[in-house]
Structure formats: structure tokens, C-alpha cells
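Laboratory data are not the source of any read-out in this text; all were calculated from the coordinates shown. Note that the structure is a prediction, hence the values are computed from the model and not measured. Cβ placement follows ideal geometry from the backbone for every residue including glycine, while neighbour counts extend to all protein chains displayed.
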Amino acid sequence: MEKGKTGFEFLEHMADAYIAAYGRDLNEAFENSALAMFETMTSTSDVKHVIEEEVEVEGEDEKSLLYNWLEELLVRFEVENMLYSKFKILEMERKRCGGFKLKAKIYGEPFDPERHKQKVGIKAVTYHRMEIEEKPEGAIVKFILDL
């Protein structure tokens, strides 16, 4: 990752949020993708790390793993009214029987309209234009959020 760069950036796209998330490795890129998703909804610097939760998702390939990771977090926001601002991938591995598994800890707090500025609502995570690239110098994941 280049010096002075944040862990993600918003790319140009018409009615959706097109995001590129960066990391020294795929774990960090996935962490930054989650942070970018919540930054789309609110200012994550206002979200305190009051509650720690564990997340486990699986996918048949890395793209479905990214999709399931972001979708799980979005569902927690929708159903449990939780916002998150810190993500730590503990394990991302290829399973012996095929596919991938991800375990993470996530940190946040319940949404409070008095403190958490609402930006835009996310309808869904999409596979459209999703890319995952790993290079010796780091990883990049790109994805679109349907707003």
C-alpha cells in the first residue's frame, strides 16, 4: 500500500458506491472493505468499539467469501441496528473440502441517530464488477454497493 493512502477509496459510479479497498494482504483488504461499507452509511470515526462480536462466513471462492462477509455485516446493521468501525480478520483459509472460510472479530455499537450521522442507505452488496487482486506488494478488492 502506498504511503499516505487510506485503506480504501470511492471510485466513480453512477447510482451506486464503487469501492476499492487496499491492504498489505487479503485479510487487511477485507477489513478495509468492511470499513468502507460502513463509511458509506455513516462517519465511522463516531462509532465506538463498545461491543465485540465474532463473525464466521464461508464462500465457494474468494469473491463469494467477500460477498458473504459484507452481506453478513449489512444484515447485522439491518436486523440488529448495529454499526461497526473496527474489523479484525482472525483467519481466512481454504477448506480441505473446497471453498473458503473466514473468521473475524468486529467492534461497534448500536446505531444512535443523535450521534451517528446518516449518509446513504445500502440496499445490497453486488457481484457486479467485483475484483480481487493479490500481488506481492499488497491486495486490492473492488466491489459495488447498491444504494
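Mind jotting down the distance between the C-alpha centroids of region 59-103 and region 36-58, whole Å?
Comparing the Cα centres of region 36-58 and region 59-103, I get a distance of 13 Å.
Quick one: grab the alpha carbon gyration tensor of region 104-147, order the square roots of its eigenvalues as a ≥ b ≥ c, and give me rounded if a/c is under 1.5, else prolate or oblate depending on whether a/b is larger than b/c.
It is oblate, given that a/c is not under 1.5 and a/b is not larger than b/c.
Assigning unit charges at the beta carbon (Lys, Arg +1; Asp, Glu -1) and nothing else, what dipole magnitude in debye, to the nearest 20, does the chain show about its Cα centre?
Magnitude of the dipole: close to 200 debye.
May I ask for the angle, rounded to the nearest 10°, between helix 26-41 and the longest principal axis of the chain, with both axes built from Cα atoms and the value confined to 0 to 90°?
Relative to the chain, helix 26-41 is tipped by roughly 30 degrees.
Suppose a student asked you for the relative contact order of region 8-146, using Cα pairs under 8 Å spaced at least 6 residues apart; what percent would you report?
33 percent
Please provide three numbers in whole Å: the alpha-carbon extents of the chain along the principal axes, with the largest listed first.
Over the chain, Cα extents along the principal axes are 45, 32, 29 Å.
On a 0 to 90 degree scale, rounded to 10, what angle separates helix 62-80 from the longest Cα axis of the chain?
20 degrees
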